[in-house]
Each structure stands twice: as structure tokens, then as C-alpha cells.
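The values are calculated or read from the model by the stated rules, or taken from the named source; none is laboratory data. Everything numeric here is computed off the predicted structure, so don't read it as measured data. Note that each Cβ is placed from the backbone with ideal geometry, even for glycine, and that neighbours are counted across all protein chains shown. Please note that ligands, DNA and RNA were not included when accessible areas were found on the heavy atoms of the full protein model with its side chains. Shrake-Rupley method; radii C 1.70, N 1.55, O 1.52, S 1.80 Å.
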Amino acid sequence: MKATWDKLEKNWMQFEIEVETDQFGKAIDTAFHKLNQKITVPGFRRGKAPRHMVERNYGKEALVQEAVEDLLPQVYGTAVAEHNIDPIDQPEIQLVQAEEGKPFIFKGKVQVVPEVTLGKLSGFGLEMKPAEVAEEQINRELDGLRERGATLVTDESGDVKQGSFAVIDFEGFVDDAPFEGGKAENYTLEIGSGSFIPGFEEQLTGLKVGDYREVNVSFPESYRAEHLAGKPALFKVTIKDVKKKEMPELNDAFAAEVSEFQTLADLKADITKHLSQAAEAAAEKEFQNKVVEAVAGDAQVEIPEVLVDQRIHEMIHDFEHTLSQQGYTLELWEQATGKTHHDLHTEFDEPAKKSVRNDLVLGAVARQANVTVNESDLEVEFDEMLARYPGQEKEINQLRRNSGYRNKMREGILVQKTVKHLVDLNTAPQG
């Protein structure tokens, strides 16, 4: 096999690949046996027809086509590997010659990973922010624990206000008829939670225990029950009781009840420790991002649109997954926001370009610095997974044997090592 590659503009390369006559002839022979197993020739059992009968019934072109379909991706892949070509998309291919008794020749062009001209890798004057924990953060954590231990007690004022827990009886009507799920007794509703139809909670504010009110609202256009979506509704509501949240006192008894610690001081020290660890991790991540952005910004690279499109589709897929975890679909989100798929594509365009640029530059840094990932690196990662997820040994060991997952893990570790290399360069003493 002979292959020639020539650079074109904008990260394109053109190629011409020639397969020797003997190799193409063998491919046609293989194609005959393969085709013979799939077709029926009158007077012969399947797979037993002689070649001249197959050619008479289906044409020699069928054998050549079958041989091309089998051989072309194989020799293209070999040519790519032998010449260290790194394609980023499927090639555009044109057959030049495909005849038995002659060399098989095809040509085409393909987009490849662009060349990156690296600039500075250090010396940007970047500093990591100190990881500080404010007293306000500690108090927020304590308030969260108090919230979880809070109890509801009767509000002696009997007034419904923001933050109140109104105990209500209600019945809803659409087109003067009650609807399924629109009625409840002694239902506790937190005023201001936004858990009911927009406008419902606001119309209860100012009422007192024993008051009755007819609440007029409209179901949102994106309401999950399609037969109610967008329709006006009337709710007949009676206030049965008004409660307020009573928070436990911050003392040693509280600490002992909500944690493994016997004193409030020890609980606060533990909260401070975990907040400090989180702050240090966040500061380190922010510094890593700044370093990568600085190195990428000082490099020169032409970003292929095909990679940007691929990254946008990945980001939209991730966004859909996030919505699904919240019980939404992309269609419902579009209805609620008034945005279209095209709008989402546009919003992700710049972040996708930045992400692709960073990846290309990190790849170039890894090659220049000879950053590599070996099998022991992968095994360490899998061992750490086993430690983090006890009881999932079977699933993790299945991933350990999965070549596709190992390759993906290898890519991730390579990025981590390369980023660490850049961080080390930018934190080393200068001079």
C-alpha cells in the first residue's frame, strides 16, 4: 500500500491511497465468498455457486463493491496510523480506480487536529487566592442543621404572612367543575415556597385563622397536566390554622443531638475543617483554570468548527441530562423560557470554543513536555474508585476490563497530569 498526504488550508489534508493489485484481488476473492453466503443462485445451494455464476447473476461490479466496502476503511485506517494523522471527522472520499486486475486507488480529504503554536507556559504572575472561611459560612451551616431540626408550632397571632405555614382546606374548579387532585383538607402550605400555582400563596397573605377566600389563578402554559395547562382556575380556600417554624437553640445539647460531637465548639470546629477543605479545593481549581486560560490565551491555534459543533452537542446533551434529573425535558424548558434549540446552540458557542481551544493547547503541552499515562496510572485510579465506592467491586472491575472506558480514563488522567505540570511551572520560585 502506498499513501501520500498533503496539507491544505484550515486544518485539511488531502490524501491518495493505492492498494496493490494482488491485495485488491484477494479482497475481491474474500468478497465473493462473503457474498456467496448471502445470495441465492438458481440451481445451487447457498454458498456453493461457482464464481462465474455469481458474476453472471449479480455482476462483477457487486463483488468489486463488496471488496471496496470491506477494504477501504481498513487501508484508510492503516494509512492514518502509519503517517501519524489525527483526523477529527469522517473523510470525504472519491474512488479513482476499482477494477479487478488493477491497483485499487482512492483519494480524498479530511480535517485533522490543528497545529498549535505554544507561547509562554509560565511567568503570568498568577497567584492562588488564600482559602478563607468566614464566620458567616459557619453560621449558615449551623442554620441548616437548625432548619432540619426545626418544629412547627401554632402561631398565636393567627396571621398568614411570608414564611408562615398555613393549614388549609381547599377545592379547585376549572370551567365551574372540580378537577382530579384539586382538593385537600388540612394541607400545610409554606407561604413563599412557590410550591403552588403562581399567585396562589400571595392571595392568602393577610388572612387569619377561620377566614375564607376564593383564589383566582391560571395554570402555567407548561403545566405537567396538559388538560389544565394555561386554564384559569378558582380555588375555595379556608384557613384552618397558622403555624411558624421554631428553631432549636444553639448549645451543647443541640450539637449532641445533630452530630457525633458533644459540644457546640467541637461541632463548629468540624464544620470549619470541612469548609476549609472545600475552600482549598475551590481555590486550587480556580488557580488551575487561570493557568490553563493564560497558557491557552498565549498560544496560537485555529479552532475547527467541526470540533466546536461536537462540543456544543455534548454540552446540550449534558444540559438535557441535568434537566431530566430535575424532572424536566428540554421541550418543557424551552416552553417555560421561550428559548429555542437554536438559542441554546448560540449560548453554548463561546464556551464550546473556549473548551476546544483549551483541550487543543493542553494536548500540545502534553506532547511537548512528554506527559504520558501508563497502565499503572489507570490501576491506581481504579483502586481509588474501589475505595470510594465499597460494595461496587463487581461493577468497577467490569469497567477495569472495558477498553473503551480505559481509553476515556486515560484521556482524563492525561489532562490532569498536564494541568499539574502547568501549575507546577507557575508556582515554582522564579529566578
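From the list GLN288, GLN203, exactly one residue is surrounded by 15 or more Cβ atoms within 10 Å (Cβ to Cβ), on the phi < 0 side of the Ramachandran plot and in contact (Cβ under 8 Å) with a residue 60 or more places away in the chain. Which is it?
On the way: GLN203 fails: in contact (Cβ under 8 Å) with a residue 60 or more places away in the chain.
Only one candidate passes the filter, namely GLN288.
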**Study point:** Residues (open to solvent by 70 Å² or more (accessible area, probe 1.4 Å) and of a type outside the set (Asp, Glu)) located in the range 210-231
**Key:** TYR212, ARG213, ASN216, ARG224, HIS227, LYS231
Exercise for review: State the number of residues belonging to the range 12-38 that are in contact with a Gly (Cβ under 9 Å, 6 or more places away or on another chain), in contact (Cβ under 8 Å) with a residue 12 or more places away in the chain and part of a loop (DSSP other than H, G, I, E, B).
Suggested key: 0
**Study point:** Subset of the range 362-397 [under 22 Å from the mean Cα position of the chain (by Cα) and open to solvent by 40 Å² or more (accessible area, probe 1.4 Å)]
**Key:** GLU381, ARG388, TYR389, GLU395
Review point. What single numbered condition from (1) of a type in the set (Ser, Thr, Tyr); (2) in a strand (DSSP E or B); (3) in contact (Cβ under 8 Å) with a residue 40 or more places away in the chain fails to hold for SER157?
Key: (2)
**Study point:** Odd one out for PHE200, checked against (1) in contact with a strand residue (DSSP E or B) (Cβ under 6 Å, 6 or more places away or on another chain); (2) among the hydrophobic types (A, V, I, L, M, F, W, C); (3) more than 14 Å from ILE239 (Cβ to Cβ); (4) not in a strand (DSSP E or B)
**Key:** (3)
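So which of ASP318, ASP309, ASP349, ASP359 ends up being free of Cβ contacts under 8 Å to residues at least 60 places away in the same chain, acidic (Asp, Glu) and exposed (fewer than 13 other Cβ atoms within 10 Å of the Cβ)?
Working: ASP309 fails: exposed (fewer than 13 other Cβ atoms within 10 Å of the Cβ); ASP349 fails: exposed (fewer than 13 other Cβ atoms within 10 Å of the Cβ); ASP359 fails: exposed (fewer than 13 other Cβ atoms within 10 Å of the Cβ).
On inspection, the qualifying residue turns out to be ASP318.
When only residues in the range 99-115 that are open to solvent by 30 Å² or more (accessible area, probe 1.4 Å) and touching a residue at least 60 places away in the same chain (Cβ under 8 Å) count, which is nearest to ALA369 (Cα to Cα)?
Taking the range 99-115 first, the residues open to solvent by 30 Å² or more (accessible area, probe 1.4 Å) are 99-103, 107, 109, 113, 115.
If we keep only those that are touching a residue at least 60 places away in the same chain (Cβ under 8 Å) as well, we get 100-103, 107, 109, 113, 115.
Details: GLU100: 49, GLY101: 49, LYS102: 46, PRO103: 42, LYS107: 35, LYS109: 31, VAL113: 18, GLU115: 16 Å.
So, considering only residues that are open to solvent by 30 Å² or more (accessible area, probe 1.4 Å) and touching a residue at least 60 places away in the same chain (Cβ under 8 Å), the one nearest to ALA369 (Cα to Cα) is GLU115.
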Check your understanding: So how many residues does the range 47-90 have that are touching a helix residue (DSSP H, G or I) at 6+ places or on another chain (Cβ under 7 Å) and part of a loop (DSSP other than H, G, I, E, B)?
Key -> 4
